[in-house]
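In what follows, a structure is listed as structure tokens, so that the remarks can point back to it.
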Amino acid sequence: MNFLPDFCSVRMLLVVFFLAELLAFLLTLAADTSALGFLSEFGIRSLLALWIALMSAAALCWLGKRLARGSDFFAGLAAFSIIQLISALVCWLVVDALPKANLLLPLVSPAHKTEFYWRTVGISSLVSLAVLRYLFVLHQWQRQVEAQAAASLDALQARMRPHFLFNSLNTIASLTRIQPGLAEELIEDLAELIRASMRVDQARLIRVDEEIKLVNLYLAIEFHRLDERLKVSWDIDDLPRDALLPPLSLQPVVENAVYHGVEPDPKGGEIVIRGAWGLGGIVLSVRNTLPPDGAYRQRKGNQVAMDNLAARIAGCFAGNGHVKRYRKEGSYYVDIMIPYQIKS
């Protein structure tokens, strides 16, 4: 893809329209006002500018797919040439080809037709060069921003991946002497969890059902460790399983709920995982009970993990994804709100 935008889009047509009107206004403002008056001259120049601008946009729209196959230089040269040919064609139509309907006769006398041609094509050349240069620089900037965003997302993703691994290894290490059989089972569960996470590791976005599988594998490890103290319920009947989200999005939230809500409480706690689809998109909510104030403790690194998750969600969905965290009625909530996207 080269730097030329989609001239078939309504947004681009509106931009072309307003640029043509602005150019006509500035040219009329800079010219000596004739007997026609400012508004009449502006209307004539506006009509000429719109013919050139909209016909050029139509031509670039029609040739868009062919121009997209070429390099930036080829596309820019072709677009510039097309605009100048259309500018000359419009001048010929309104001055020579349609003399009886010549709306420009009040501004262009027969003795100044050649000068009018050169002036119109010259202004068109300067304006089109400036616009094409702006589009090229904007395209380069957008590519740089996208590359930086992709690198940032990869870095955040890399910081999220070992999070559950280190905590699981610490759990296994604490059980190797007192419960070696249970430690062996946990190692097998952890190996399956790592294999599953590596399968989805190559994708920037995965299906919700794949993320749910990762969560269940992680919870299997914690069920071995916490036994009846950990209670988990799911309410995801209304959640479309083909929706896409970044890998390891829900699992760190559930892990955070285990280590902050369930484990510090001597009586254990409950985690409720809900998912629903509405007009605003997909909402994944994790609620966990909180331990008594004296038993609550903050583990180092979990806040960073949640901040990383919020940055990944926002980056993967261009600012349309959000993570909301809050306390309410003795429970802690984490809501992940993302648009409903599926694999094309």
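The values are calculated or read from the model by the stated rules, or taken from the named source; none is laboratory data. Fair warning: this is a prediction, and the values are worked out from it, not measured in the lab. Glycine also receives a Cβ, built like all others from the backbone with ideal geometry; neighbour counts cover every protein chain displayed. We work out accessible area using only protein heavy atoms, side chains counted, and drop any ligands, DNA or RNA first. Shrake-Rupley method; radii C 1.70, N 1.55, O 1.52, S 1.80 Å.
Total residues in the stretch 226-265 satisfying the condition of being touching a helix residue (DSSP H, G or I) at 6+ places or on another chain (Cβ under 8 Å), open to solvent by 60 Å² or more (accessible area, probe 1.4 Å) and part of a helix (DSSP H, G or I): the figure is 1.
Have a look at Trp118, Trp62, Trp51 and point out the one that is aromatic (Phe, Trp, Tyr) and at pLDDT below 90. Quick ask: steps written out before the conclusion?
Numbers: Trp62 fails: at pLDDT below 90; Trp51 fails: at pLDDT below 90.
From the options Trp118, Trp62, Trp51, the qualifying one is Trp118.
Summed over the stretch 247-266, the residues that are in contact (Cβ under 8 Å) with a residue 40 or more places away in the chain and not aliphatic (A, V, I, L, M) give a count of 9.
Residues that are open to solvent by less than 50 Å² (accessible area, probe 1.4 Å) and at pLDDT 90 or above within the stretch 132-145 comprise Leu132, Leu135, listed in sequence order. One residue stands out among those in the stretch 309-331 that are crowded, with 18+ Cβ neighbours inside 10 Å and more than 15 Å from the chain's Cα centre (by Cα): the one that is modelled with the lowest pLDDT, which is Leu309. Here the stretch 61-75 is the region considered, the condition is being within 26 Å of the chain's Cα centre (by Cα) and not small (Gly, Ala, Ser), and the residue that is least open to solvent (accessible area, probe 1.4 Å) is Leu67.
Yes/no matrix, rows are residues, columns are (1) at pLDDT 80 or above; (2) part of a helix (DSSP H, G or I):
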| residue | (1), (2) |
| --- | --- |
| Met160 | no, yes |
| Phe166 | no, yes |
| Ala173 | yes, yes |
| Arg177 | yes, no |
| Gly181 | yes, yes |
| Glu184 | yes, yes |
| Glu188 | yes, yes |
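Restricting attention to the stretch 266-298, the residues that are at pLDDT below 80 and either assigned to a strand (DSSP E or B) or open to solvent by 70 Å² or more (accessible area, probe 1.4 Å) (or both) add up to 7.
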